[in-house]
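I have placed the structure first, in the form of structure tokens, so that the comments after it can refer back to it.
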Amino acid sequence: PSNASLTTQGAVRLAGTSSVDGRDQNPPSWTHCSAPDSNRIGVRTSATGSVTIAGAGATVDGNPPVVRDPTLAADTFRVFGDMTYEQMTQMATYVINAGGSITSRPVSVGTTCTKSVPTNWGDGLNRSGPCGNHFPIVHIRGNVLTTINNVQGQGILLVDGDLRVQGMYDYFGVVIVRGSLSTLGTATSEAHFWGAVMAQNVDLDLQNIGGAANMVYSKCAIITALQHTGITAYLRSRGFVNLY
């Protein structure tokens, strides 16, 4: 769905020690990954988009770090090849009504992953654990703000409205936000995104990335998420190109 670590229609503001990195990296402890691939764009934004570095420790890296793409439009976040965002939501493992606060973490009983819990979004921090191969498609439905507070998730995350990520959080895979994205971390509670993030910024608000939030392009995280959710096979059957 993206050839950049972060794709957005609007402006991006990085504060604190936050970073966006398009250099392909494998998630820590993911031993099944191949060697990192060629580096991708750090931030891909529209022709009128801007990237502001507001913190002395904030960085944007990639090849190149920033691209202002005049072809980037609302459809970039709504149509993927010949598959729409709405079709992807119909494949959701879990549908959660937007609004309020969510804490997602792996849940298991013994060696069995408890997939009936809608806030169990897998275990990318421990792929050898019971929920290490659980990669759900999660659809957060509704055009309002939803806050994620801790702990982790993996797979494909589809958000109709705005998303705020707070505290220590790790996500592995693809995140598509139809509204605006903001993060808030600290030096001791970092937010990490491994894969690709697409935030449409419908109202053209700033994408605020603050504290110690890091977005890292990871081809391995993207491919693994697509394969485990069944999206890869579906896309190939529909003639998709430029998946990662």
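The values are calculated or read from the model by the stated rules, or taken from the named source; none is laboratory data. Being a predicted model, the structure only gives us computed values, none of them experimental. Quick reminder, even Gly has a Cβ in these numbers, built from the backbone with ideal geometry, and neighbours come from all protein chains shown. Just the protein is used for accessible areas: all its heavy atoms, side chains included, with ligands, DNA and RNA removed. Shrake-Rupley method; radii C 1.70, N 1.55, O 1.52, S 1.80 Å.
Yes/no per residue for (1) of a type in the set (S, T, N, Q); (2) modelled with pLDDT of 95 or more:
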| site | (1), (2) |
| --- | --- |
| 28 | no, no |
| 43 | no, yes |
| 48 | yes, no |
| 57 | no, no |
| 63 | yes, yes |
| 66 | no, yes |
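Only residues that are acidic (Asp, Glu) and more than 20 Å from the chain's Cα centre (by Cα) were counted in the stretch 49-68, giving 0.
Conditions (1) farther than 18 Å from residue 215 by Cβ; (2) hydroxyl-bearing (Ser, Thr, Tyr); (3) in contact (Cβ under 8 Å) with a residue 24 or more places away in the chain; (4) surrounded by 13 or more Cβ atoms within 10 Å (Cβ to Cβ), marked per residue:
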residue	(1), (2), (3), (4)
48	yes, yes, no, no
65	no, no, yes, yes
83	yes, no, yes, yes
94	yes, yes, yes, yes
102	yes, no, yes, yes
120	yes, no, no, yes
125	no, no, yes, yes
128	yes, yes, no, no
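Among residues of the stretch 50-62 that are under 27 Å from residue 37 (Cα atoms), those with a beta-carbon under 9 Å from a residue that is aromatic (Phe, Trp, Tyr) at least six positions away or on a different chain give the pairs 62/217. Just to confirm my filter: which strands (runs of 3 or more DSSP E) fall fully inside the stretch 4-102 and include at least 2 residues that are farther than 18 Å from residue 219 by Cβ? Per the criteria, 12-14, 41-46, 51-53, 59-61, 66-69, 94-97. May I ask you to say which residue of 209, 176, 222 is over 25 Å from residue 79 (Cα atoms) and either assigned to a loop (DSSP other than H, G, I, E, B) or open to solvent by less than 10 Å² (accessible area, probe 1.4 Å) (or both)? Just a single option satisfies the conditions, and that option is 209. Restricted to the stretch 185-225, and to residues there that are among the aliphatic types (A, V, I, L, M) and at pLDDT below 85, the residue that is nearest to residue 24 (Cα to Cα) is 212.
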